[in-house]
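Before any comments, here is the structure.
The values are calculated or read from the model by the stated rules, or taken from the named source; none is laboratory data. As the structure is a prediction and not an experimental result, all values here were calculated from the model. Backbone-built Cβ (ideal geometry, glycine too); neighbour counts: all protein chains shown. Surface areas here come from the heavy atoms of the whole protein model, side chains and all, with no ligands, DNA or RNA. Shrake-Rupley method; radii C 1.70, N 1.55, O 1.52, S 1.80 Å.
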Amino acid sequence: MSDPSVPHHVAIVMDGNGRWATSRYLPRIAGHKQGVEALRTCVQSCIDRGVAVLTVFAFSSENWNRPTEEVSGLMDLLGMALTREVPRLQANGVRMHFVGNRLQLSSKVQAGLVQAELDTSKNQRMIFNICFNYGGRWDIAQAAQKLVDSGQAITEMALDRAMALAHVPDPDLLIRTGGELRISNFLLWQSAYSEFYFTNKLWPDFDAAALDEAIVFFKTRERRFGQTSAQLKTQGKSHPVKVHAVKVA
Ligand code: FPP
């Protein structure tokens, strides 16, 4: 049995790489490189704490609007991170999924994503979703289009099944680093009942202790999913079990 005080699914907006670099008189890409280091630590910390699903926002649909050299730097970084990190993730039993619009990515990057998913497809210790060229609005639109194309009625359950994260339950805890208090088009559909945790820490500084602080915050939350506190007490539950007909992880 998994520990109910540990969030099953943690999602993270990894914000603050640019400021981390600028404050050290470094180019912004140095902050993103340090962000990859922080991500490696975070993956390991999540595994150690029994988190079953980790989803991170690595590149948004809107990030194409950044300076060309930053965009190409992020694409190169993804390629390097895949080469360096996939063997480690593989050894740690982590299954990778890339979530987002792949069609706008170069064929080399697309091939890298497919290979990483294939290499880790048998792993069962933790699911690691990397949202890359992802936007919550894109996801809702592509899900609706799938239903239209297959002639299905647009219901909540049908949309849920057609979303890019249909393979996992909704996030329990959504963390945003970097001090901004907004969702920035991340998991718009899936975060309906997530607990939100904001920290001023910049992403490259987000370490195991910072993750623990977020989990401590999560433990204090009463998750009611629309019910009342009194109802939960009568049912003898700290939070109701949210029924997911289709999500399995
Ligand atoms: C937001 O910080 C961060 C990003 C747009 C990129 C996140 C990427 C990583 C953490 C590295 C992992 C990436 C890959 C490719 C695997 P920001 O640049 O908006 O920071 P700022 O708000 O301080 O400018």
Worksheet, complete the sentence: Here the residues within segment 13-33 that are surrounded by 20 or more Cβ atoms within 10 Å (Cβ to Cβ) and more than 7 Å from the ligand (Cβ to nearest atom) are Val13, Ala21
Item to complete: Considering only residues that are free of Cβ contacts under 8 Å to residues at least 24 places away in the same chain and either closer than 25 Å to Asn123 by Cα or not acidic (Asp, Glu) (or both), look in segment 65-79 and name the one that is nearest to the ligand (Cβ to nearest atom).
Response: Arg66
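Taking segment 110-142 as the region of interest, how many residues are in contact (Cβ under 8 Å) with a residue 40 or more places away in the chain and either surrounded by 16 or more Cβ atoms within 10 Å (Cβ to Cβ) or outside any loop (DSSP other than H, G, I, E, B) (or both)? Write out each step before concluding.
So in segment 110-142, the residues in contact (Cβ under 8 Å) with a residue 40 or more places away in the chain come out as 125-140, 142.
Then drop every residue that is not either surrounded by 16 or more Cβ atoms within 10 Å (Cβ to Cβ) or outside any loop (DSSP other than H, G, I, E, B) (or both), which leaves 126-140, 142.
Number of matching residues: 16.
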Worksheet item: Of all residues in segment 144-196, how many are of a type in the set (Asp, Glu), in contact with a Lys or Arg (Cβ under 8 Å, 6 or more places away or on another chain) and open to solvent by 70 Å² or more (accessible area, probe 1.4 Å)?
Response: 0
Worksheet item: Val10: outside any helix (DSSP H, G or I), more than 9 Å from the ligand (Cβ to nearest atom) and at pLDDT 95 or above, yes or no?
Response: yes
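Yes/no matrix, rows are residues, columns are (1) touching a helix residue (DSSP H, G or I) at 6+ places or on another chain (Cβ under 8 Å); (2) farther than 24 Å from Asn63 by Cα; (3) not charged (D, E, K, R):
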site: Ala153; (1), (2), (3): yes, yes, yes
site: Ala162; (1), (2), (3): yes, yes, yes
site: Pro169; (1), (2), (3): no, yes, yes
site: Leu187; (1), (2), (3): yes, no, yes
Worksheet item: So which of Leu211, Leu187, Leu174 is in a strand (DSSP E or B), touching a residue at least 60 places away in the same chain (Cβ under 8 Å) and either more than 16 Å from the ligand (Cβ to nearest atom) or under 30 Å from Thr22 (Cβ atoms) (or both)?
Response: Leu174
Fill in: Scan of segment 148-170 for residues that are farther than 14 Å from Gln190 by Cβ and either of a type in the set (Asp, Glu) or in a loop (DSSP other than H, G, I, E, B) (or both), ordered by number
Asp149, Ser150, Gly151, Gln152, Ala153, Ile154, Thr155
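Does Ser107 meet the test of being more than 11 Å from the ligand (Cβ to nearest atom), open to solvent by less than 20 Å² (accessible area, probe 1.4 Å), out of contact with any Lys or Arg (no Cβ under 9 Å at 6 or more places or on another chain) and more than 17 Å from Leu165 (Cβ to Cβ)? Break it down into steps so the answer makes sense when it comes.
Numbers: more than 11 Å from the ligand (Cβ to nearest atom): yes; open to solvent by less than 20 Å² (accessible area, probe 1.4 Å): no; out of contact with any Lys or Arg (no Cβ under 9 Å at 6 or more places or on another chain): yes; more than 17 Å from Leu165 (Cβ to Cβ): yes.
Taking the combined requirement at face value, the residue does not satisfy it.
Inside segment 93-104, can you point out the residues that are in a loop (DSSP other than H, G, I, E, B) and either open to solvent by 60 Å² or more (accessible area, probe 1.4 Å) or free of Cβ contacts under 8 Å to residues at least 60 places away in the same chain (or both)? Before the answer, list the steps.
First pass over segment 93-104, keeping only residues in a loop (DSSP other than H, G, I, E, B): 93, 100-101.
Hits for segment 93-104 are Gly93, Asn101.
Among the β-branched types (Val, Ile, Thr), part of a helix (DSSP H, G or I), within 18 Å of the chain's Cα centre (by Cα) and more than 10 Å from the ligand (Cβ to nearest atom) - does that describe any residue in segment 53-63? Show your work before the answer.
Our first condition is that a residue be among the β-branched types (Val, Ile, Thr); within segment 53-63, this holds for 53, 55-56.
After this cut, where a residue has to be part of a helix (DSSP H, G or I) as well, the list is none.
No, the conditions are met nowhere in segment 53-63.
Can you pull out the residues in segment 199-209 that are in contact with a strand residue (DSSP E or B) (Cβ under 9 Å, 6 or more places away or on another chain) and surrounded by fewer than 20 Cβ atoms within 10 Å (Cβ to Cβ)? Please lay out each step first, then the result.
Taking segment 199-209 as the starting set, the residues that turn out to be in contact with a strand residue (DSSP E or B) (Cβ under 9 Å, 6 or more places away or on another chain) are 199, 203, 206.
Once the filter is applied, which keeps residues that are in contact with a strand residue (DSSP E or B) (Cβ under 9 Å, 6 or more places away or on another chain) and surrounded by fewer than 20 Cβ atoms within 10 Å (Cβ to Cβ), segment 199-209 yields only Thr199.
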Worksheet item: Can you name the residue in segment 35-51 that is open to solvent by 30 Å² or more (accessible area, probe 1.4 Å) and closer than 17 Å to Ile215 by Cβ and is also farthest from the ligand (Cβ to nearest atom) among such residues?
Response: Gly50
